[in-house]
Amino acid sequence: MLPKTAEYALRATVWLARTPDQAESADQLAKAIRVPRRYLHKVLQDLVKAGLVRSQSGPGGGYRLDRDPEETTILDVINAVGPIERIRTCPLGLDSHTSLCPLHQELDKAYAAMEEAFSRVTVAQVLNQPSRISPLCEVAGDTS
């Protein structure tokens with residue numbers, strides 16, 4: 001499972017990638033992607049710090065992408081707010097475990113596979129998937 005912060009960062013980035021040349025206010029963005037405004041502010045700060053999103057003040061200001069969606073992977077977005085924690089040493093701190101035990105080796109393999117999968121998918125690919133469902137948008141006429 002991804003932390004909520006990573007989920008919110010992905011939502012914000014994908015939403016902004018829909019119209020990369022258009023700034024979106026934090027209030028509009030929070031409403032569109034259904035994220036609490038205060039929480040979103042922290043997420044946006046992390047995305048700005050990572051160079052994925054740009055903040056503009058004044059009239060017509062807001063947030064917009066600062067990196068091409070074709071070159072921004074899901075992993076880039078996740079790493080901007082909190083990298084996937086790999087297991088490098090024994091989580092229990094056992095001195096006799098000079099390498100990972102079989103349990104933690106398997107868990108770390110799963111984290112590595114997740115990193116690899118996320119590094120292969122760009123934000124543009126997410127938006128351009130052939131589907132009747134657009135990311136983060138209600139499907140017209142769908143009442144389910």
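The values are calculated or read from the model by the stated rules, or taken from the named source; none is laboratory data. Note that the structure is predicted; figures quoted are calculated from it, not measured. With ideal geometry, Cβ positions are generated from the backbone for all residues, glycine too; neighbour counts draw on all protein chains shown.
Taking every residue in region 71-86 that is assigned to a loop (DSSP other than H, G, I, E, B) and pairing it with any residue that is loosely packed, with under 15 Cβ neighbours inside 10 Å and not hydrophobic (A, V, I, L, M, F, W, C), at least 6 positions away or on another chain, the pairs with Cβ-Cβ distances below 9 Å are GLY82/PRO3; ILE84/TYR111; GLU85/TYR111; ARG86/TYR111. Is it the case that LEU94 is surrounded by 11 or more Cβ atoms within 10 Å (Cβ to Cβ) and not β-branched (Val, Ile, Thr)? No.
Yes or no, residue by residue, for (1) more than 15 Å from the chain's Cα centre (by Cα); (2) of a type in the set (A, V, I, L, M, F, W, C):
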site: LEU47; (1), (2): no, yes
site: PRO69; (1), (2): no, no
site: ALA80; (1), (2): no, yes
site: LEU103; (1), (2): yes, yes
site: LEU107; (1), (2): yes, yes
site: MET114; (1), (2): no, yes
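Answer with yes or no whether VAL35 is closer than 17 Å to TYR8 by Cα, surrounded by 13 or more Cβ atoms within 10 Å (Cβ to Cβ), touching a residue at least 24 places away in the same chain (Cβ under 8 Å) and among the hydrophobic types (A, V, I, L, M, F, W, C).
Numbers: closer than 17 Å to TYR8 by Cα: yes; surrounded by 13 or more Cβ atoms within 10 Å (Cβ to Cβ): yes; touching a residue at least 24 places away in the same chain (Cβ under 8 Å): yes; among the hydrophobic types (A, V, I, L, M, F, W, C): yes.
It is true that VAL35 is closer than 17 Å to TYR8 by Cα, surrounded by 13 or more Cβ atoms within 10 Å (Cβ to Cβ), touching a residue at least 24 places away in the same chain (Cβ under 8 Å) and among the hydrophobic types (A, V, I, L, M, F, W, C).
With respect to ALA113, determine if the residue is of a type in the set (A, V, I, L, M, F, W, C) and in contact with a His (Cβ under 9 Å, 6 or more places away or on another chain). I'd like the intermediate steps shown before the answer.
Values: of a type in the set (A, V, I, L, M, F, W, C): yes; in contact with a His (Cβ under 9 Å, 6 or more places away or on another chain): no.
No: the conditions fail for ALA113.
Check region 82-95 and report whether any residue there is polar (S, T, N, Q) and either modelled with pLDDT of 95 or more or farther than 16 Å from LEU16 by Cβ (or both). Among the residues of region 82-95, at least one is polar (S, T, N, Q) and either modelled with pLDDT of 95 or more or farther than 16 Å from LEU16 by Cβ (or both), which makes the answer yes.
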